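Reviewing the structure listed below.
The values are calculated or read from the model by the stated rules, or taken from the named source; none is laboratory data. In this text, all values refer to a predicted model and were calculated from it rather than measured experimentally. For neighbour counting, all protein chains shown are included, and Cβ atoms are generated from backbone atoms with ideal geometry for every residue, glycine included. The accessibility values were calculated without ligands, DNA or RNA, using every heavy atom of the protein model including side chains. Shrake-Rupley method; radii C 1.70, N 1.55, O 1.52, S 1.80 Å.
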Number of protein chains: 2
Amino acid sequence: MGIRALALAGVPDQHAQTQIDLLLEAELCDRPSHGLLRLPRIIERIHNGVADPVTEGVATWRSEAFLQVDGRRGLGPVVAGPALAAIAERARRTGIAVAAIANNNHLGMLGWYVERIAAKGQTAIAITTSEALVHPWGGRKAMLGTNPIAIGVPAAPHPLVLDMATSRVAMGKIYDHAQRGTPIPADWALDANGEPTTDPDAATHGAISPFGGAKGYALGLALEVLVTSLTGAALGTDVVGTLDSDRPCNKGDVFIVVDPVSSAVGPSISAYLDAVRACPPSRPGSPVLVPGEGSLLRRAERLATGIPVTEELWSEICTLAKAPPARRAANG
Amino acid sequence: MGIRALALAGVPDQHAQTQIDLLLEAELCDRPSHGLLRLPRIIERIHNGVADPVTEGVATWRSEAFLQVDGRRGLGPVVAGPALAAIAERARRTGIAVAAIANNNHLGMLGWYVERIAAKGQTAIAITTSEALVHPWGGRKAMLGTNPIAIGVPAAPHPLVLDMATSRVAMGKIYDHAQRGTPIPADWALDANGEPTTDPDAATHGAISPFGGAKGYALGLALEVLVTSLTGAALGTDVVGTLDSDRPCNKGDVFIVVDPVSSAVGPSISAYLDAVRACPPSRPGSPVLVPGEGSLLRRAERLATGIPVTEELWSEICTLAKAPPARRAANG
């Protein structure tokens, strides 16, 4: 149904498969804010001319290990996929390579990218920026993106995959509370005046807190400027196009792939991760998890039981699979 | 006095200058755990044969942009300095380059390294591991290093420098509380049984908490295995030599240097950082700081007023400047 909706919007079949695979994986891993919820927005963006359904962007080797990519408003994973594949191949020769992508649409769940590289034996880092939703530590206004970082490292039985935003929570979680009418914890967000709030509606007009206090803020800010130094992307409140439907997306994406020093390190990393899993737990019966494994557990459950999708979202997708969105009619 | 103490331990003059500069900069930036406190330990390690005062290590280009370094038990900054300079030069041609260092002594304050690269116009990332002091989120035992990360990005009037451990606090701060007999906050550490404690003595036999809860733990663990995947370094409780005086140091260090996409990005990054500084503060009179600026403020103060050093430490350094430590006599 999702693929049909994308096809109707002019997305070639293979690109639609990639985009839907990414959204479904996010649903399976219980990251609904990066899941099917995004599909109507993607289609609206195509119809509004700020997402190009066909292009894979234009990639240029700026130097031997630095791939500079103009995304040409392509779909996030459609542009990022070939760029990532190119630097992974290049890193086998040069040891390390970077792709710096500008003018690309939302990447979706970052872990999806690094997991695929790590599963093939290379270590990967992914960083992307977003519209300003997070306040500086000690400040009252949203001035930073949620600036997630993902790290994938080869290991058995599956790669280690870190995938985390530098915000305290996803804005999606705050919307969740707003919909259900339940208060949010006092350390999640500020209201429009920059005061801490437990009212989710007030928080959506304010700013999310950085995770981990001053350190999380510092990390998020460092990632924001690091991405811009490599991509030339917009910064802070100038960033648009990751949440709206009608503005070209001007954030940046950075991928780094490195070849491990030897194949001998894989087993020691796997053994260490096993030791961490076996660490005596604080709460009996709640074993220590390695990053990414909470998602894997939920993925296994959901592969068996299915993905929870609201009727509202499903009917919206079904409608989009039958006809393009209203706005196109208005424009056309 | 410090240089004389190092000279007496067999450290060539230029290496001693480098090592002392790094320790003094840490003191100036109010990071005493990475300051002069380390000097007697460094000298003991030289006398015990687990730190080589002369070598710069052996660096090999494993591939065009991957410098593999066997530190040969050299002094942290003495080995890392030339490696970092080599990848910075290489990155000007290849766009990005990495140095993966094993068998090297303690690096000291990571920000010192990336600041120097960023001041010359390149973006740098530094990651190093350490002995296991931090417990996994939801676990009772120390199984991760404090695994700091530093990021330096060119900006005016000075580069942005992030330098943070992934632990809640430095073990040095817990020792501070123990010395002063004051309790520690309840979320800093666990005791030897893995229960939260406010007793600093109990905490020194337990584990420090990761910063930022589950996310900080995930980041610290990802950095630990990332470093090992590139250096082959030891992991978790197998890591030794960053705190003791007599075991070869088997942690790993990773530096990545990237050339910015264009010189045009510098001014936009500087303007953005100015906007962040001008963010309305939560507490009137406490302006928002950009990472590294707290250190810079203290540095300016201390350049004027001097560095606070305990009489005990100073007299220890003065003694070491007159004669090598006792243990050498025992061995010699």
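Structural remarks
- Average other protein chain Cβ within 10 Å of Cβ, residues A:257-266: 5
- Each copy carries a label point for A:Asp187 at 7 Å from Cα toward Cβ; from one copy, the others' points are 0.2 nm away, ordered from shortest.
- Entries in A:Lys251/B:Lys120; A:Lys173/B:Lys173; A:Lys141/A:Lys173; A:Lys215/B:Lys251; A:Lys173/B:Lys120 that, when Cα-Cα distance is taken, lie over 31 Å: A:Lys173/B:Lys173; A:Lys173/B:Lys120
- Across the range B:118-173, counting alpha-carbon atoms alone, Rg and Dmax equal 14.5, 44 Å.
- Counting only protein heavy atoms and a 1.4 Å probe, the protein assembly as shown has 39 square angstrom of accessible area per residue.
- About its Cα centre, the range B:24-83 has a charge dipole of approximately 200 debye under the convention of +1 per Lys or Arg Cβ and -1 per Asp or Glu Cβ, with nothing else charged.
- With 30 Å² as the minimum drop in accessible area between chain alone and full protein complex (1.4 Å probe), the qualifying residues in the range A:214-254 are A:Lys215, A:Tyr217, A:Ala218, A:Leu219, A:Leu221, A:Ala222, A:Val225, A:Leu226, A:Ser229, A:Leu230, A:Leu235.
- Sequence of A:His15, A:His158 when ordered by accessible area, the most exposed leading, probe 1.4 angstrom: A:His158, A:His15
- Across the identical copies, how the A:Arg277 labels are spaced - nm, sorted shortest first, 7 Å along Cα→Cβ: 4.9
- Signed unit charges on C-beta, dipole axis of chain A, positive-most listed residue A:Ser262, A:Leu84, A:Pro280: A:Ser262
- Loss of accessible area when A meets B, both sides summed, Å² nearest 100, probe 1.4 Å: 5700 Å²
- Dipole in debye (nearest 20) - the range A:83-174, about Cα centre, beta carbon charges: Lys, Arg +1; Asp, Glu -1: 100 debye
- Between copies, the label points of A:Leu313, set 7 Å from Cα on the Cα→Cβ line, lie 5.3 nm apart, reported in increasing order to one decimal in nanometres.
- Over the range A:218-321: Rg over Rh, Cα atoms, Kirkwood Rh: 1.10
- Once C-alpha pairs closer than 8 Å and six or more residues apart are averaged by separation and normalised to the residue number of the range B:104-177, the relative contact order reads 30 percent.
- For the range A:163-290, the fraction of 1.4 Å probe accessible surface lying on carbon and sulfur atoms is 56 percent.
- Interface residues of the range B:136-173, defined as a loss of at least 20 Å² in heavy-atom accessible area between the chain alone and the complex of all protein chains with a 1.4 Å probe, are B:Pro136, B:Gly138, B:Gly139, B:Arg140, B:Lys141, B:Met143, B:Ile151, B:Val153, B:Leu160, B:Leu162, B:Met164.
- Convex hull of Cα atoms in the range B:66-197, direction-averaged projection (nm²): 10.2 nm²
- Accessible area of B:Ser282 (1.4 Å probe, protein heavy atoms only, ligands and nucleic acids ignored): about 50 Å².
- Pairwise centroid distance, computed over Cα atoms, of the range B:215-272 with the range A:126-143, Å: 24 Å
- Rel. contact order, % - alpha carbon contacts under 8 angstrom, at least six apart, the range B:80-224: 20 percent
- Computed over chain B: relative contact order in percent, which uses C-alpha pairs under 8 Å that are six or more apart: 22 percent
- Over chain A, all Cα pairs binned in 20 Å intervals from 0 give whole-percent P(r) values of 29, 61, 10, 0, listed from short to long.
- List of the range B:20-64 residues, accessible area with partners at least 10 Å² below that of the chain alone (1.4 Å probe): B:Arg62, B:Ser63, B:Glu64
- Antiparallel content of DSSP bridges confined to the protein assembly as shown, in %, to 5: 80 percent
- Rolling a 1.4 Å probe over the protein heavy atoms leaves A:Asp191 with an accessible area of roughly 30 Å².
- Note on chain B: with charges restricted to the Cβ of Lys and Arg (+1) and Asp and Glu (-1), its dipole about the Cα centre is near 360 debye.
- Globularity ratio of the range A:35-140, using Cα Rg and 2.2 N^0.38 Å: 1.19
- Along principal axes, Cα extents of the protein assembly as shown, largest first, whole Å: 88, 50, 48
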